[in-house]
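First the structure, in the form of structure tokens, and then the observations on it.
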Amino acid sequence: MVPIALAPVDWVAVIRRDRRTETWAKPATLAGLLVVALVLGAASSAPGRWMLVALALGMAGDVALLGESVGRFRAGVAAFLVGHVAWIVAFATLGLPRPDWSWLVLALVAASGLVTRDVVPAAHRAHGSSVSLPVAVYTLVIATMLVCAWFTGAPLIAAGAAIFVASDSTLSVDRFVRPLPSAHLLVMITYHVGQALMVLGVLDAIAG
């Protein structure tokens, strides 16, 4: 798969602080994942089409977050926020049977909230409501995405969403609260793995 080849290129670029390579490798990984999803028939069903929308918005968010400015950050948050809404719709159209084990997601939501509890206040102190409000809304939307992912009852989707949330939690704490060791690399690895598992899970559910 193309993304399997491209993602490590981005990870190595992060390790080497090679911004030139990261500039193309980061969005190219999502583009590759989107192409693979298309080739494997994602466009043939409503969940798959919503997934493609989510991936396209993720790619747009990746491009926005290549910049360091507050404006680029807000644009990235907006793209990913709408992307998570697309994931929510994709999961809802797959069905939300809510098997017994899926309720464990509430513990994950609580743990994520505990880890990121200082993010919104820190964002407000640093940049005011123009940043803290979008971050707060984003937090609620990604939590909803996580719950819906687990309620599908699809283990791959559930695992991917949990890893995706771990990626975003790491990014937000590192950016607003305190620097974390190897945060950028950890964010990218978990981001790519999370997205890939969610795609595989949706494709598997469609095929089944």
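Coordinate-derived values only; no laboratory data. Because the structure is predicted, anything quoted here is derived from the model rather than measured. Every residue, glycine as well, gets a Cβ built from its backbone with ideal geometry; the counts of neighbours run over all protein chains shown.
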Centroid-to-centroid separation of the range 2-78 and the range 165-208 [C-alpha atoms, Å]: 12
At most 14 other Cβ atoms within 10 Å and a DSSP loop assignment: could you name the trypsin sites (Lys or Arg not before Pro) in the range 7-56 that fit? Arg17
Distance in nm between pseudo-label sites at Arg125 and Asp18 (7 Å out along the Cβ direction from Cα): 3.8
Over the chain: helical MRE at 222 nm, DSSP H runs n ≥ 4 each giving -39500 (n - 2.57), nearest 500: -27000 deg cm²/dmol
Note on the chain: helices (DSSP H) long enough, at least 18 Å by alpha carbon along their axis, and hydrophobic enough, mean Kyte-Doolittle at least 0.5, are 2-16, 19-39, 46-64, 70-94, 129-151, 155-172, 183-207
